[in-house]
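Everything below concerns the one structure shown next.
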Amino acid sequence: MAARAYWQGQIRLALVSIPVEIYNATSSSATVAFHQIHEPSGKRIKYEKVVPGVGPVDTDDIVKGYEVSKGNYVLLEQDEIDAVKLESKRTLELIQFVDADAIDVLYFEKPYYVVPADELAEEAFIVLREALRRTKKVGLGQLAMRGREYVVSLKPCGRGMVLETLRYADEVRKAQSYFRDIPDSKPDADLLDLAETLIEKKSAKFDASEFHDRYVDALKGLIEKKKKAKGGKKILEDVEEPGAPRKGNVIDLMAALKKSVDSGGGAAAKAGAAKKPAAKKPAVEKAPARKRA
């Protein structure tokens with residue numbers, strides 16, 4: 001495998017140890033990174049570390065400090081910080097198993113691919129993977145990586161497994177403080193039916209390749225145009241965004257949902273209009289009355 005393993009160690013389940021390797025499952029290479037440039041010279045701007053009233057300082061004179069009050073710090077040397085770092089035992093011990101859908105999405109942080117370290121580990125790896133898949137469970141444990149301890153989950157993924165670091169409880173803000181002002185009312189049944197119909201109409205199997213970062217694509221296109229432009233010509237391409245909905249726009253919600261669900265509503269209206277002439281037949285039946293007169 002060309003990529004370099006982010007972590008190497010073993011997964012332990014009771015007395016069974018499985019040597020594994022962990023690889024980053026995500027990449028930041030798709031983003032567009034900018035540097036600050038001094039326009040007159042075209043050179044990149046660099047930053048110096050300075051102290052107010054002192055000026056530039058040497059990196060050897062820099063230590064880390066924790067602010068305990070305004071302007072007051074507890075200073076720590078790097079070796080003091082290193083001394084309290086958790087020594088990774090290179091072991092992920094699975095201490096608990098929960099239902100696959102029991103963990104709130106807010107706790108998931110970053111995914112990693114897990115593969116067996118060698119051929120000898122493959123059998124035990126496959127047994128654990130299929131046992132998790134069959135029981136629809138996710139394994140939980142704690143793992144020390146690069147000086148920090150993480151809560152992690154382990155679940156099947158194709159032929160391999162995915163390990164995801166989880167946030168601790170005190171890292172997740174409580175939703176109540178944000179949601180408490182939303183009224184606890186039941187929606188209109190007709191509106192709900194229309195919304196459900198629209199959801200069903202647009203339901204499909206998830207395919208991540210169907211989605212693209214349009215902002216990144218636009219930036220790359222702008223960069224290409226600037227490369228081809230002569231004399232540093234400025235290129236401005238404004239994209240109109242849809243206006244924000246006005247207050248009271250909910251009045252049109254029923255009409256908007258109906259239009260979204262049934263784009264053939266106009267045809268139905270025409271069909272109804274075509275039937276209206278039939279109602280004029282009684283006017284034709286008056287002819288005998290004129291004959292009697």
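Here are a few things to note about the model shown:
- Spans of strands (runs of 3 or more DSSP E) in the range 13-126 with at least 3 residues surrounded by 11 or more Cβ atoms within 10 Å (Cβ to Cβ) and touching a Phe, Trp or Tyr at 6+ places or on another chain (Cβ under 7 Å): 16-24, 108-116
- Scanning the range 146-168 for residues that are part of a strand (DSSP E or B) and under 18 Å from residue 95 (Cβ atoms) gives 149, 150, 151, 152, 153, 154, 155, 161, 163, 164, 165, 166.
- Check on residue 143, in contact (Cβ under 8 Å) with a residue 40 or more places away in the chain and not in a strand (DSSP E or B): no
- Residue in the range 29-40 that is in contact with a helix residue (DSSP H, G or I) (Cβ under 7 Å, 6 or more places away or on another chain), farther than 23 Å from residue 145 by Cα and small (Gly, Ala, Ser) present: yes
Here is a yes/no grid of residues against (1) outside the structural domain of residue 142 (by TED's automatic domain parsing); (2) polar (S, T, N, Q); (3) under 34 Å from the mean Cα position of the chain (by Cα); (4) within 17 Å of residue 139 (Cα to Cα):
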| residue | (1), (2), (3), (4) |
| --- | --- |
| 61 | yes, no, no, no |
| 65 | yes, no, yes, no |
| 76 | yes, no, no, no |
| 95 | no, no, yes, yes |
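- Checking 160, 141, 221 one by one, the residue that is touching a Phe, Trp or Tyr at 6+ places or on another chain (Cβ under 7 Å) and of a type in the set (Gly, Ala, Ser) is 160 and no other.
- Matching residues, the range 117-143, being out of contact with any strand residue (DSSP E or B) (no Cβ under 6 Å at 6 or more places or on another chain) and either within 18 Å of residue 6 (Cα to Cα) or among the basic types (Lys, Arg) (or both): 118, 134, 136
- Verdict on residue 168 being among the hydroxyl-bearing types (Ser, Thr, Tyr), closer than 27 Å to residue 64 by Cβ and within 23 Å of the chain's Cα centre (by Cα): yes
- Cross-chain or 6+ apart pairs with Cβ under 9 Å, the range 212-232 first and surrounded by 12 or more Cβ atoms within 10 Å (Cβ to Cβ) and in a helix (DSSP H, G or I), then among the polar types (S, T, N, Q) and modelled with pLDDT of 75 or more: 216/31
- Test for residue 103: is it among the β-branched types (Val, Ile, Thr), touching a residue at least 24 places away in the same chain (Cβ under 8 Å) and under 15 Å from residue 10 (Cα atoms): no
- In the range 173-211, the residues that are under 24 Å from residue 108 (Cα atoms) and either touching a Leu at 6+ places or on another chain (Cβ under 9 Å) or surrounded by 10 or more Cβ atoms within 10 Å (Cβ to Cβ) (or both): 173, 175
The values are calculated or read from the model by the stated rules, or taken from the named source; none is laboratory data. Small disclaimer: the values here were computed from a predicted structure and weren't measured. When we count neighbours, we look across all protein chains shown, and the Cβ atoms used for this are built from the backbone with ideal geometry, even at glycine.
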